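What follows is one structure encoded as structure tokens, with my remarks underneath.
The values are calculated or read from the model by the stated rules, or taken from the named source; none is laboratory data. Small disclaimer: the values here were computed from a predicted structure and weren't measured. Neighbour counts are summed over all protein chains in view; Cβ atoms, including those assigned to glycine, are modelled from backbone coordinates with ideal geometry. Just the protein is used for accessible areas: all its heavy atoms, side chains included, with ligands, DNA and RNA removed. Shrake-Rupley method; radii C 1.70, N 1.55, O 1.52, S 1.80 Å.
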Amino acid sequence: MNKFTPTKPAGARSVDDITGSRRLRRMRKADWSRRLVQENRLTVDDLIWPIFVVDGKNVREPIAAMPGVFRLSIDLAVKEAERAAKLGIPALATFPNVDIALRDQTGSHILDPDNVINRATRAIKDAVPEIGIITDAALDPFTSHGHDGILRDGIIVNDETVEQVTAAAVIQAAAGADIIAPSDMMDGRIGAIRDALDANGFQDVAIMSYATKFASAFYGPYREAVGTAGLLKGDKKTYYIDHANSDEAVREAEQDIAEGADMLMVKPGLPYLDIIRRLKDEFQMPTFAYQVSGEYSMIKAAAANGWIDGEKAMLESLLAFKRAGCDGILTYFAPEVATMLKE
Ligand code: PBG
């Protein structure tokens, strides 16, 4: 057996010599001192809760890949909105699971003022006017192919999609949406939506741009939730950003700001903290992250297996967004974390 005996360097320095007496552990020594120097904090004001809505009454369908998340009929969505408001959650983001018979090539049902999203907005605004409603104008829950845009000869056509998304945004605003959050990544959509909102008297309706939405594997469970998983052929690489790119994300955000975005969003969240930091440093805009379905499911699945402490991982992941520069986070954990923060 080889035995190695380390030699002490001649004239070995003390730790105080090495550090120049600077010891970062001093402030970490107790709970009170750690609290005193804590740089970032997560509060309920940071949370936006994405919810899934469906037609029907008293429907609460579990989503297998998202334990603890349900598709809710509007009556139950209203109840959840009431609970969210009581917890102090500032806003909800709604996503529909649309009857398959109502989906078509152009996603035309998005223009129906009485589709499930617009009815949900009206019902929630009616019952809980103090909570903010954010709606997505993307076509994917409404198209028969699951893409966010209109598909013609195998191509997602940009300008025609912009027209459709813009019309949908105005209809959503008329239903009472406070913020339009278009997630489709078509060129020119932010400016077109701003013009159309203004022309229709919705100057006060804001735009949260999914400015940097990356082509990502982390959207899997969401596609189960809105029922696009089985429909989607191919991928979304011709319109979402290549996840290898960061300068391109900055240019995309810059463009959306120039077109009139009030807020920026980075999506997915945790794998893209570098993008959040770059955008915040570069633009100082209200900046949000979408902790997407796959991120939620990974934490839930590992916790269910006893591999990680789910609550701690949830809190750590959310605080990481604050540290990276986020003003808020869209997260399926919103009610759970709001309840914890209240206790
Ligand atoms: C599409 C859309 C996606 C999500 C919300 N709207 C991505 C996609 O299906 O490609 C993902 C949300 C999530 O994963 O939580 N417009």
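Helical runs (DSSP H, four residues minimum) scored at -39500 (n - 2.57) apiece and divided by the length of the chain put the mean residue ellipticity at 222 nm at -12000 deg cm²/dmol. Cross-link reach is defined here as a Cα-Cα straight distance under 18 Å, omitting same-chain residues fewer than 8 places apart; for Lys237 the aspartates and glutamates meeting it are Asp140, Asp148, Asp153, Asp159, Asp184, Asp187, Asp247, Glu248, Glu252. Using a 1.4 Å probe on the protein heavy atoms, what percent of the accessible area of segment 176-255 belongs to carbon and sulfur? Answer for segment 176-255: carbon and sulfur cover 47 percent of the accessible area.
Given a 1.4 Å probe and the protein chains as shown, Leu319 ends up with an accessible area of around 60 Å².
With the Cα gyration tensor of the chain giving a ≥ b ≥ c as the square roots of its eigenvalues, does the rule (a/c under 1.5 for rounded; else a/b larger than b/c for prolate; else oblate) give rounded, prolate or oblate? Because a/c hits 1.5 or more and a/b exceeds b/c, the chain counts as prolate. Calculate how steeply helix 273-283 sits against the longest principal axis of the alpha-carbon atoms of the chain, using the helix alpha-carbon long axis, and give the answer as 0 to 90 degrees to the nearest 10. For 273-283 against the chain, the angle is about 80 degrees. In the context of the full set of protein chains, residues of segment 224-266 present 51 Å² of accessible surface per residue (probe radius 1.4 Å, heavy atoms only). Here the peptides 188-197, 100-109 are ranked by packing, the mean other Cβ count within 10 Å, and the order with the highest first is 188-197, 100-109. Taking 25 Å as the straight-line reach from the Cα of Lys342, the lysines in range (excluding those fewer than 8 positions away in the same chain) are Lys79, Lys86, Lys125, Lys300, Lys312, Lys322. At 1.4 Å probe size, with the rest of the protein present, what percent of the exposed accessible area of segment 71-152 is carbon and sulfur atoms? Solvent-exposed carbon and sulfur of segment 71-152 make up 55 percent of the total.
Close amide H contacts of Gly328 (hydrogens built in the peptide plane, cut-off under 5 Å, sequence separation of 5 or more or a different chain): Thr287, Ala289. What separates the Cα centres of segment 297-343 and segment 193-245 is a distance of 23 Å.
Seen against the Cα atoms of the chain and their longest principal axis, helix 247-259 is set at about 50 degrees. Packing, as the average of other Cβ atoms within 10 Å across residues, places the peptides 294-300, 13-19 in the order 294-300, 13-19, highest first. Ligands, DNA and RNA excluded, the heavy atoms of Arg83 present near 100 Å² of accessible surface to a 1.4 Å solvent probe.
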